[in-house]
Every structure is written in structure tokens, then in C-alpha cells.
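> For reference, the structure I am asking about is given below.
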Amino acid sequence: MDRAAQIVSEEEMARQREYIAEIRDLPQKPRTFYVVTYGCQMNAHDSEKLTGMLTEMGIEPAEERDQADFVIFNTCCVRENAERKALGNVTWLKEIRKRNPSLIIAVCGCMIQEPGMAEKILQQYKFINLAFGTSNLHRFPELMYRTLNTDQNTVVVEDRDLIPEGLPIVRARREAAYLTIMYGCNNYCSYCIVPYVRGRERSRSPEHILHEAEGLLKSGVKEIMLLGQNVNSYGLDLEHPFSFASLLKQLDAMGIPRIRFMTSHPKDLSDELTETMAACRHVLPQFHLPVQSGSDRILALMNRRYSRAQYLDRVRKLREAVPGIGLSTDIIVGFPGETEEDFQDSMSLVNEVRYDSAFTFIYSPRVGTRAAAMENQIRPQVATERIQRLIALQEGLQQETLKRFVGMEEEVLIEGLSRRSSEEISGKGLHGVSITMQGKREEIGRIIRCRVTGVKNNTLTGVRE
Ligand code: SAM
Ligand code: SF4
């Protein structure tokens, strides 16, 4: 495969930098910006790139959305409610424009990449000044320049799956950083729209990743979260294939204090990766392994390409290799044709695995996916009732599984003040579980050792050592 063809050319990136410089000198450029982010970590990281580009344009971040002159919505379309929420909020901003006629409204991200969405925006959402898809993120400076110099709406959606290198990034947190290792997804799970809106899998070169990681380490970052829709298949598309496990080993050797990653597809979780998890000092003992369903019949309909037994076998190996590993998952209920028996298979799997946390979703039909065209769509009341039972089960189990940490020492990377009290701080322990303890705002960003004292509201409490 020709890697050079997949990376956005240096000339193109230089052209975009010229647009940034032009915008900096434009008298009509907005003074302040606000980025609204929906969806996953990938989107959160894309927003950090938007913030990086906007900052280089000389536009300042606004404290509040309603005070900004430029508002950009970075959207998600994985489930219908995310999409509805984004469009609802964009429409609400139309009211704000009555107070601030120079307000520029932009929408980008996965939703714009959906088939038919660009036309819909042009026809029904004429007040949106600028819309572009995920494939055009690196062209944001050019599109912004165009928007600032015309009265016409700018709507651009391309399907070219390129890798942009060298975009400016302003990270939301100084101590913990997202680092994209690959884009896109090839799996075509039958319910999922991601492969249609994020394109084919393409891995960044190990050199680019290691270079970025080195820069982060030098800047004092304590934790790196490697991002990809399926990090386990990282590197298979490279001209010189390079496994995810090899990448982890190299990052580990660099001495980054904490390394995490998401997401893993169970079918691609190799023994090599499991062994690497055990061998690497800095790769944290935690694993997010979405199962989606405990029923073999539904897993096949979902096109997940593993069975319940294979999944359980991988969990067993992970636990043998890394005793006490923190495990989390994603589960969908109400997939087309899911019977009560299938649902009970998901319940029994949850009972068997005993996750430290589970993200549960009601199946949401996405136009263009195979599952949306399947017969036997489940009635919303049935799906809602099932998810309630699943959540109740998981919460009860979680209360028990988390007790294994009580009395243990943990190292917590402090993320912020706790929601309950300004005298308390909280962050994630090594196993990926949130831990709250007494502390002050100044300690945000530090790693603090503590002893776990209890389980409260499905998270942990601790006292410092
Ligand atoms: N690539 C990751 C993976 O395979 O686990 C995650 C991608 S997706 C953004 C995150 C989660 O959303 C999935 O694990 C799945 O549980 C859920 N999801 C995706 N499509 C969905 C749909 N149509 N309805 C409900 N949940 C969905
Ligand atoms: Fe969607 Fe499946 Fe790809 Fe995850 S692996 S992004 S669920 S298609």
C-alpha cells in the first residue's frame, strides 16, 4: 500500500498554514470562539485540533457559548439521540444570533459525513454558515477563510480518507493527553455507522506516533490515551506491518508514566497483546473490551465475528496475565430480533464476567447500516425495560466487584474537584476506576498515592498514604 498517498501532503498542510496566517490579519475575523463536542474521545481530540487551529488564527476562547462570536458543533451520529441533541442545540443558537448578528455558526464531525446530511443542511438549516465532515478537518483554515469572505454557506464533505499530520493541538488537560494512532474502521458491525462516516482503517506510522509521544513526555504529560476505533488491528495496513503490541512496547520503553488505550475489538485481541500488557511497566492494568451481546445468535447478526465462548476465553487470559485487571465493556440491548432469551444471555454474561463498569445502550437504528433494514425491530418500551434490568444488575455487581480494591494502594491521576464537595478531589486509579479523596484544587494534574477505603456510588473512596 502506498503510505505517502494516504498522508495529507506537506504542500497542502503548508497551504492551510497560509490560510491561518491570512485569517490572523483579517479585520472581520471573530474575536472569540467556543467548541461544543458530542460523542467519543476521538471527537474530543478532534475538538482539541479545532481549538489548536482557532488559537493560531488569533481567536480567543470564550468562557460561555452564548458569548462567543464563532461557535462550532463537533457532532456525533452513533446514536440518533446524539444527532437530535446536536441539531436541537444548533437551532437554539439561531436565537442567540438575533442578539449578536455577526455570530458565525459552524457544524462539523461525523454527522456531516452521513449520506444526505450536507443537502439537508443546505436546504433546512440555512442559518449554518459552515459545515464540513471529519475527512476535511485539516482543511478547516481554508473553509474558515472562505466563510469569512462570503455571504454564502460553505458546506464541504469529501470521502477521501487521508491522515493529516502536524495539525496544531491545544489539549484540554496538561497532564493527560489523547494520541490518535489510527483513523477509521473496517469492521462494519451491522448496527454501526462509524465505518461509513470515519472511513477505512488507516494507521499512523510508528515514527509519527513515537515522535508525538516524545513531545508529550517532554512537556510533562503523565498519561497518554492511545485512540483508535479498533486499536488491536493497528498497523496491519502499513507498508511494513507493525503490531499494536510492538507499538505499546516502544511507548513503554520511553518511560511515559501511564499508558491507556481504547477501543479494542475482541476478535483482534491477540495473545501477544495480552502478554505485552503483563510485561509493560507503564501500560495500566485496565482493558475496555466491548462485548455488545452475550448471545451467539445476536453476535452473529451484529457481525462481531467472535462467539460468547471466545470472548470469555479472552477475558480469562487477560485476568491470568494481569491479575486484578480493571475490565469495562459496552453492551447494546434491543438489537433487531433480540428475544428475552438472547437478553438473558447478556445478563448471564455480565454476571459471569463481573465488569468494573459497563456502558449500556439501547439499539438505535442508523440509516444505511445493515441492522436498520432488519426485520423484528424491537419496540422501544421493551428495550427500555431491558436496559433498566441490565443497569440494575450491573450496578449491584459493580458494588461488589469494586470491593476487591478496598485496602489496596492506588495511584490516582487527579482530574478535578469531586462533584460532591470542593474539599474533595477525584481522578482515575491505575485500574481505570474513579477514586475520590480529600484534597485541594492545586493538586489537579498530580499523581497521588492513596489507600482505598470504600465503595461509594459505584466509585471508590480513598485516603492518601
Ligand atoms: N469501535 C468501538 C468498538 O467497537 O467498541 C466503539 C465505537 S462506538 C462509537 C461506541 C459504542 O457505541 C459501541 O461499542 C456500541 O456499543 C455503541 N453503538 C454503536 N452503534 C450503535 C447503535 N446503532 N445503537 C446503539 N449503540 C451503538
Ligand atoms: Fe463500529 Fe464495530 Fe467499528 Fe466499533 S468495531 S467502530 S462498533 S463498526
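Bear in mind these aren't lab numbers, they're just calculated from the coordinates by the rules spelled out. Keep in mind the model is a prediction, meaning the values are calculated, not measured. Using ideal geometry, Cβ is built from the backbone for each residue, glycine included, and neighbour counts are taken over all protein chains shown.
> For the stretch 113-127, state whether one or more residues are free of Cβ contacts under 8 Å to residues at least 40 places away in the same chain and in contact with a Phe, Trp or Tyr (Cβ under 6 Å, 6 or more places away or on another chain).
No, that holds for no residue.
> Please go through (1) assigned to a loop (DSSP other than H, G, I, E, B); (2) touching a residue at least 60 places away in the same chain (Cβ under 8 Å); (3) away from ligand 1 (no atom under 16 Å from the Cβ) for GLN229 and return the number of the only condition it doesn't satisfy.
(3)
> Among the numbered criteria (1) under 22 Å from ASN230 (Cβ atoms); (2) of a type in the set (Phe, Trp, Tyr); (3) surrounded by 16 or more Cβ atoms within 10 Å (Cβ to Cβ), which one does PHE405 miss?
(1)
> Checking VAL382 against (1) assigned to a helix (DSSP H, G or I); (2) surrounded by fewer than 18 Cβ atoms within 10 Å (Cβ to Cβ); (3) out of contact with any Gly (no Cβ under 8 Å at 6 or more places or on another chain); (4) in contact (Cβ under 8 Å) with a residue 12 or more places away in the chain, which single condition isn't satisfied?
Of the numbered conditions (1) assigned to a helix (DSSP H, G or I); (2) surrounded by fewer than 18 Cβ atoms within 10 Å (Cβ to Cβ); (3) out of contact with any Gly (no Cβ under 8 Å at 6 or more places or on another chain); (4) in contact (Cβ under 8 Å) with a residue 12 or more places away in the chain, the odd one out for VAL382 is (3).
> Based on this model, can you work out whether CYS189 counts as in contact with a helix residue (DSSP H, G or I) (Cβ under 7 Å, 6 or more places away or on another chain), among the hydrophobic types (A, V, I, L, M, F, W, C) and under 22 Å from CYS77 (Cα atoms)?
Numbers: in contact with a helix residue (DSSP H, G or I) (Cβ under 7 Å, 6 or more places away or on another chain): no; among the hydrophobic types (A, V, I, L, M, F, W, C): yes; under 22 Å from CYS77 (Cα atoms): yes.
Taking the combined requirement at face value, the residue does not satisfy it.
> Further, regarding this structure: Any idea which of (1) farther than 14 Å from MET144 by Cα; (2) in contact with a strand residue (DSSP E or B) (Cβ under 7 Å, 6 or more places away or on another chain) is the one ARG99 doesn't satisfy?
Of everything listed in (1) farther than 14 Å from MET144 by Cα; (2) in contact with a strand residue (DSSP E or B) (Cβ under 7 Å, 6 or more places away or on another chain), ARG99 misses just condition (2).
> Step by step: first the residues of the stretch 312-363, then only those that are within 16 Å of ligand 2 (Cβ to nearest atom) and among the β-branched types (Val, Ile, Thr), then the one that is nearest to the chain's Cα centre (by Cα). Which residue is that?
Per the criteria, the residue is THR329.
> To continue, here is another question. Go through the stretch 274-293 residue by residue and tally those that are buried (at least 17 other Cβ atoms within 10 Å of the Cβ) and either among the acidic types (Asp, Glu) or within 16 Å of ligand 2 (Cβ to nearest atom) (or both).
So the answer is 7.
> With the structure loaded, tell me whether SER135 is within 30 Å of ARG31 (Cα to Cα) and out of contact with any strand residue (DSSP E or B) (no Cβ under 7 Å at 6 or more places or on another chain) or whether it fails that test.
yes
> Can I ask one more? Which of the residues belonging to the stretch 191-226 are more than 16 Å from ligand 2 (Cβ to nearest atom) and part of a strand (DSSP E or B)? Quick ask: steps written out before the conclusion?
Going through the stretch 191-226, the residues more than 16 Å from ligand 2 (Cβ to nearest atom) turn out to be 204-225.
Matches in the stretch 191-226: GLU223, ILE224, MET225.
> Which one of GLY432, GLY427, GLY454, GLY462 is under 22 Å from HIS282 (Cβ atoms) and surrounded by fewer than 20 Cβ atoms within 10 Å (Cβ to Cβ)?
Just one listed residue meets the conditions, GLY432.
> Here's another thing I want to ask about it. Hey, among MET277, MET302, MET262, which residue is of a type outside the set (Ser, Thr, Tyr) and farther than 19 Å from GLY235 by Cα?
Within the list MET277, MET302, MET262, the selection yields MET302.
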